[in-house]
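Worksheet for the structure shown next.
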Amino acid sequence: MTRKRTQTESVPLSGPEAVAERLADQDYVADDGIVTSVYLAAALNKPLLVEGPAGVGKTEIAKSLAATLDTELIRLQCYEGLDAAQALYEWNYPRQLLEIRLQESGGGSAADKAARIFGEDFLLERPLLKAIRAERPPVLLIDELDRADEAFESFLLEILSDWQVSIPELGTLRAAHPPHVVITGNRTRPLAEATRRRCLYLWIGYPDPAKEREIVTRKLPEIDADLATAICDYLAKVRAERLGKTPGVSETLDWARALVALGETDLHGDRVPDTLGALFKDPRDLEQMRARLAEFLEH
């Protein structure tokens, strides 16, 4: 008889082959390096640091890992000025003030009243605390860590080392089931060596035309096969150019969807130049690529 999985267990992974199958089930096109890294991150319970250009599928790694493990995905989006309170926990001040007003007409000691307003009912969990208190190991996505400042990165290292936090009013909270961690970065700034040493490392670059075509056809099964090939061959040429913002795979998919929506079957249609805004997000890039579209298609 098959044993039922308990609430705190993750879906077991027998090896990289099982990861490859589950990623394929989610239409995530993964090479051997990605598959092995995802498996080892789960098996060793080590943070996985994923770097690469924007739009190549770094965030999707965490989403796919969560689906592969059949567990919750908790996302911490990093940005300049992010601090510990915003990432860990805050108190619900408006609700506390309301409770204080309600208590003014009641009895009880000041200590009892303070204990009530600094209790669980008034605690706002942010992503890090939510991951620590999860009843089964979630996947914690720390997205674009390089956008946060160095002070926050140092704070984060302490959390990743101990998986516990002290809240003065509630005591020390420890993770019974430490989360699986995926950290992404676009190399906006170099991450600390201490962060890198703690993690498994994965670099995801722009895919070659064959892999990108597989991604496009998996995500858009209705697309014409020749159009998918033409799109990916064109992107390979475009990425060899000096651009203000090189399009990633997410832009490729947006462009493919736009062409399908217009009923295009190749890149020679009259409306195709007007769709390039799905690919290029810099005005000079857009102007340059519109002017050179025919040149690119001839070669």
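Observations on the structure shown:
- Candidate set from segment 57-81 (those that are crowded, with 20+ Cβ neighbours inside 10 Å and part of a loop (DSSP other than H, G, I, E, B)); member that is farthest from the chain's Cα centre (by Cα): T71
- Helices (runs of 4 or more DSSP H) fully within segment 208-299 counting 1 or more residues that are under 28 Å from G33 (Cα atoms), over 27 Å from the mean Cα position of the chain (by Cα) and among the β-branched types (V, I, T): 225-238
- Hey, A24 open to solvent by 30 Å² or more (accessible area, probe 1.4 Å), in a helix (DSSP H, G or I) and of a type in the set (A, V, I, L, M, F, W, C) or not: yes
- Among (1) out of contact with any strand residue (DSSP E or B) (no Cβ under 8 Å at 6 or more places or on another chain); (2) surrounded by fewer than 19 Cβ atoms within 10 Å (Cβ to Cβ); (3) in a helix (DSSP H, G or I), the one test that E153 misses: (2)
- Conditions (1) modelled with pLDDT of 90 or more; (2) touching a helix residue (DSSP H, G or I) at 6+ places or on another chain (Cβ under 8 Å); (3) over 21 Å from A134 (Cβ atoms); (4) not in a helix (DSSP H, G or I): number failed by I34: (4)
- Whenever a residue of segment 25-43 is of a type outside the set (D, E, K, R), its partners that are open to solvent by less than 30 Å² (accessible area, probe 1.4 Å) and in a helix (DSSP H, G or I), lying with C-beta atoms within less than 6 angstrom and at least six residues away or across chains, give the pairs Q26/S64; Y28/S64; V29/I215; A30/L23; V35/V19; V38/V19; V38/L65; Y39/V19.
The values are calculated or read from the model by the stated rules, or taken from the named source; none is laboratory data. Keep in mind that what you see is a predicted model, and the values were worked out from it rather than measured. Neighbour counts run over all protein chains shown; Cβ positions are idealised from the backbone, glycine included. Calculation scope for accessible area: heavy atoms of the full protein, side chains included, ligands and nucleic acids excluded. Shrake-Rupley method; radii C 1.70, N 1.55, O 1.52, S 1.80 Å.
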